[in-house]
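These notes concern the structure reproduced below.
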Amino acid sequence: MGSNMYIDLYHVSLYVCVCAVGLTGTKYGCGGGGCGACTVMVSRYDPVEESIHHCAVTACLQPICSLYGAAVVTVEGIGSTRTKLHPVQERIAMAHGSQCGFCTPGMVMSMYTLLRNKPKPSMEDIREALAGNLCRCTGYRPIIDGFKTFCNKEQCCQNGEQRVKCCLENGFTHNLDDNISEELFRVEDFIPLDPTQDLIFPPELILMGKKPDGGQLCFQSERVKWISPALLTDLIQLKAQYTDFPMLVGNATLGAFQSNLKAHSAISFLVTFILSLSLSLSLSLSPLSAGVREVCLNEEFFTGFGKTALRPDEILLAIDIPHSKPWEFISAFRQAQRREFAFSIVNAGMKVVFRDESAVVESLDLYYGGVGPSLVKARNTLLLLYIRLWDESLLAEGIRLLKEEISLSPAAPGGRVEYRKSLILSFFFKFYMQMLLELRQRVLAVTDVPPENLSALTQYRSELPQGHHTFQVNDQSSTDPVGRPRMHQAAFQQATGEAQYYDDIPAVKGELFLSMVTSTRAHAKITSIDASAALAMPGVVTFITAEHVPGQNRRLWFGNIEELFAEEEVICVGQIIGAIVAENRELAKRASCLVTVTYEDVLPVFFTIQEAIEHQSFFEPKRKLERGNVEEGFEQSDHILEGELYMGGQEHFYMETQGLIAVPGEEAGEMELYVATQHAAYTQEVVGLTLGVDSNKITCHVKRLGGGFGGKVMKIASLSAITATAAYRTGRAVRCVLERGDDMLITSGRHPFLGKYKVGYMDDGTILAADITYYSNGGCTLDESSFVTLLHMDNGYKIPHLRGRGFVCRTFLPSYTAFRGFGGPQGLTMIESVLHEVAAKCGLPAHQVREMNMYQSEDSYTHHKQLFSPKDMLRCWSECLEKSDYEQRLLAVQQFNSTNRWRKRGMSIVPMKFGIGFSKGFYNQVAALVNIYKDGSVLVSHGGTEMGQGINTKAIQIASRILNVPMSSIHVKETCTGNVPNAAPSAASFGTDAIKQTLILQYANSLVTVFLCLSTRGPHTGVDWKRSEGTAYYYFTFGACCSEVEIDCLTGDHKNIRTDIVMDVGRSLNPALDIGQVEGGFVQGLGLYTIEELQFSPDGALRTRGPSDYKIPALIDIPRTLNTHLLTNAHNPHAIYSSKGIGEPTVFFGCTIFFAIKEAIAAARRERGLSESFNLSSPATAEKIRLACEDTCTTAAFSVKPEPCKPWAIDI
């Protein structure tokens, strides 16, 4: 760091220090330790054991002062492309486990730390090591494929379906046709792991550790003093002197234990469990001469939220854990948004003591967390269950007493009130069954335990995803790279931390930092803005608002006004009002909090789709598509069914948050932007309008994105314009990097949807007519909301009479925007829900009803009259049925359900027809620039954006084939509006098609030119909405997916057991990249349909603003078996080389998990004599699953009528 470097300890984490010395491989993803992108290895010498301990830590949370005497290793320290790669870096890259690459250094360091501790890890070791690392791109499977090669297994591909068996033992003999392969990489090519070549622990730190303690350490800055005492006496004296100051770290386990107690909250599973252990704590008193006191750790120890009976000057010295008694039993339960790496929604610690050799309760303790501001002990329930037999009457009485004793207000923090009430009772039932089984084993049970009830005691086990993939091998020259599984061209750089993202760019001299000031009201007039307190802070340079914009603060977007800064009125919480510009990042953030905005509330204000319908608040245009005569179809139908389906929104959660660096030019109003955007041309246009200069003076540079998924198309243009305005006003470079919470608040995500349908069908399940109305929550501005959904509404089904109407609701929420799949998942899911409900009403298998309604004719027409052939869709469907062994597994599911009352399984299979390309024809123009140098090397620049999908890799493969030069001689430069103007956004799965078309068509016209500026119009697409017809897409891609799940009917938890995907990608340009996109899209869809839940307050403020509140799929959420097959002998006459785009379609396949869950719930309801028709909205969270599996516990939870009050969260 340098001896003369000033550091403010208040905000100095290890991450800040790592960046200060220019090590940019460690990434900043969330700032809260919730994503793992900033993982590094911290090593310490233990003089007692005389050994070195290695630990993976999140650098963003690790205080630098806590690392005295420790060695820190970042991803740069273990290997590089300039010297030598470490095997961990090489294997994640060569196994195709790095797409956008932003999470890759963190993954590498977690695995590297594991190998330092255990060179031959087990699969379970790997799972635990990576549990805290999130990836939004890959779906995790390729990461595991690379890392599991370190496991201590000989002569095994480690691809088994069972925990203890390899693939050979499970019958995977890999008997494939000659032209079919499942080898995406060669294990034989990997560098062997040699622990002797790892970095040595610094000898000077070992010597330091062996010396007698050097005394107390003190670090101090202007706002913080950090003291590390060497002796207990020193610590006690410090606690007496600084009674209000926290003790952040203690000695080993005791310190961690005290930290948990001091930071106690009602959701702490640890605290709830230890209460049931009847521990005693030994506490030192200050001064030391005052002695020691002992306290019992019970419910009275916790006096309120985050408060305990510990006095400020007390220190925990010892914990007394008593021996358990022969007839004493303890259990703990928890339920969270996911099984690992998530706070509990409700947790419980329970203990029962029986009289010797009997089933009579001598004492009972029930502790609950998550149901009040502090831990709750069910005192009254315990008193009335005392000295009773452990039988069904005790269970019934216990449920009644708990229901009456523990209550929750509808406005209780955290929401989910009915769900939490049901969990209170479900946990008690599980405990009852557990103890009943114990008593039966001791031949003391007073009631039988039916075998089907034992499933209440089964716990889900987290397992690493396994599976296999197949693709077709083309007969071609060995030097032709097209169609081969080539590694991502920047994978090694991403694995070593050398790949540069916008915030890795070194600071420009005089660079400033910008932080946004946003609205705290949903609909209000701005009466005043006071930035005086912020501007008075030393180092704050300026505050900019609408009045400082040199050009246009307002611009038209398809006839709707969009404001850069709110001028007179705010229309959502999170709308940008102004921005603070300061000398450093932390100062800008602190100063922005000091800007005072006063408001005058304006009515109306509403947030939900239903409220928008009531207010008739819609954006124009309203869309409609119709085929046939729907009314006639209803008259001809045997039955009419009406229903609706709600789908919640989704946060992009790209690992790299939005931001840029704006650097003013030397003359003529020039501006250079180094920006994370998917649409550089649009960003250039908006910045030019804002500054009042021509676009030719604005240059956007995009090297790569740390994920995009549609979220970096529109909103980044406004952020860029604001930052450019700051650079223009100050004459200095300005950097803007959104914090994760601000990114989620400001930029929004996927549209919530409500679909209402009326369908006419025959007795055999044939659908004759459907009338579907789609309502999307567009938020406060139009953005790109009008481009979605209706075009996807038929999926692969020929419904003779079909009508769809689309409305974009104008509400007072942040404007929703494009997201991977862009309306496709919502439109496709709505028609799948119709098919699912029709099958249920007819009493037929859902897959049978789907199949009979599919397009069959070779020349078929969509509902918007676009010609296509469904042949490959039907092939995908039949192959998926075969490869998933659907029929046999469906029988196995039914058998499982018949013998398990509290666990149920479900299966679902769906087809897919997905349009590729932009339905707006002007977006399909494409361009590229190719420079061929005298030494034979080639430089390619194109208008696409590399964001993990591998567009640069495929461009190199294509150029290599066209120019007949090796891939190693071709380099792809950054995306730059100065090189390739007016490019379309990298979206709609069209990027590679665009680049491929440009390179090939233009090269055919000029075989000798050494400088090629290539530009061509893409395919003509468009829809005549009045006539309900048009070629909306370039072509269609097809697929089918089958998933199996298991649910816990008592908690709503679920486990994804297996997924099989068959996908038509035409003739794949790169099977490794395409399979990665298929699986990554599916896993993102898995999140959309199951665990990703956005919550808003009744005032319209987003509550879920980080990984602690908003859960994207983690490693444990991936299906235990994930098989992916690329359809063989597939062609695409509409694209050169016959390939197809694949980035977006498979998000929809996540719905197979949703419908499988619905099948499992239906099985539970059927067993209880309940209707199999029930509403289940997406995402199918644990809460919704549990409440849909109605039983005594849920009935009791709903039996108490709540008092009217404002809820904690609303459904938008």
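What to note about this one:
- Ordering of 45-58, 645-658, 734-747 by burial proxy (mean other Cβ atoms within 10 Å per residue, highest first): 645-658, 734-747, 45-58
- Cα-based shape type of the stretch 176-221, given that a ≥ b ≥ c are square roots of the gyration tensor eigenvalues and the cut on a/c is 1.5: prolate
- The heavy atoms of VAL508 offer some 60 square angstrom of accessible surface to a 1.4 angstrom probe.
- Under 20 Å from LYS697, Cα to Cα: aspartates and glutamates that are on another chain or at least 8 residues apart: GLU666, GLU667, GLU670, GLU672, GLU685, GLU974
- Relative contact order (%) - the stretch 1045-1140, alpha-carbon pairs under 8 angstrom, separation at least six: 44 percent
- Förster radius 45 Å - calculated FRET efficiency between GLU1167 and GLN856 (Cβ-Cβ, nearest 0.05): 0.75
- Surface accessible to a 1.4 Å probe, per residue, for the residues of the stretch 685-811, Å²: 22 Å²
- Segment SER221-PHE305, extension gain: residue separation times 0.36 nm, minus the distance between their alpha carbons: 27.1 nm
- Cα→Cβ-extended label distance, 7 Å offset, between THR243 and VAL187, nm: 6.4 nm
- Across LYS239/LYS377; LYS904/LYS1111; LYS351/LYS403, pairs whose alpha-carbon gap is larger than 29 Å: LYS239/LYS377
- For the peptides 756-767, 529-540, the ranking by mean Cβ contacts within 10 Å, running from highest to lowest, is 756-767, 529-540.
- Other residues within the sphere of radius under 10 Å centred on the Cβ of LEU768, judged by their own Cβ, net out at -3 (K and R +1, D and E -1).
- Accessible surface calculations at 1.4 Å, restricted to protein heavy atoms, place the stretch 1096-1197 at 27 Å² per residue.
- Ligands, DNA and RNA left out, the accessible area of the chain computed with a 1.4 Å probe is 51% carbon and sulfur.
- Cα-based shape type of the chain, given that a ≥ b ≥ c are square roots of the gyration tensor eigenvalues and the cut on a/c is 1.5: rounded
- For the listed peptides 468-476, 979-987, 108-116, 318-326, a ranking on the average number of other beta carbons within 10 Å per residue, highest first, reads 108-116, 979-987, 468-476, 318-326.
- Converting phi to 3J(HN,Hα) with the Karplus coefficients 6.51, -1.76 and 1.60 and the offset θ = phi - 60°, the stretch 486-501 yields 7, 5, 3, 5, 10, 4, 5, 5, 5, 6, 9, x, 7, 5, 9, 10 Hz in sequence order, with x at every glycine or proline.
- Value of relative contact order over the chain, rounded to a whole percent, pairs C-alpha under 8 Å and six or more apart: 13 percent
- Three-way shape label, the stretch 435-533, alpha-carbon gyration tensor, a/c 1.5: oblate
The values are calculated or read from the model by the stated rules, or taken from the named source; none is laboratory data. Note that the structure is a prediction, hence the values are computed from the model and not measured. Reconstructed Cβ throughout: ideal geometry from the backbone, glycine too, with neighbour counts over all protein chains shown. These area figures cover heavy atoms from the full protein model, side chains too; ligands, DNA and RNA do not enter into them. Shrake-Rupley method; radii C 1.70, N 1.55, O 1.52, S 1.80 Å.
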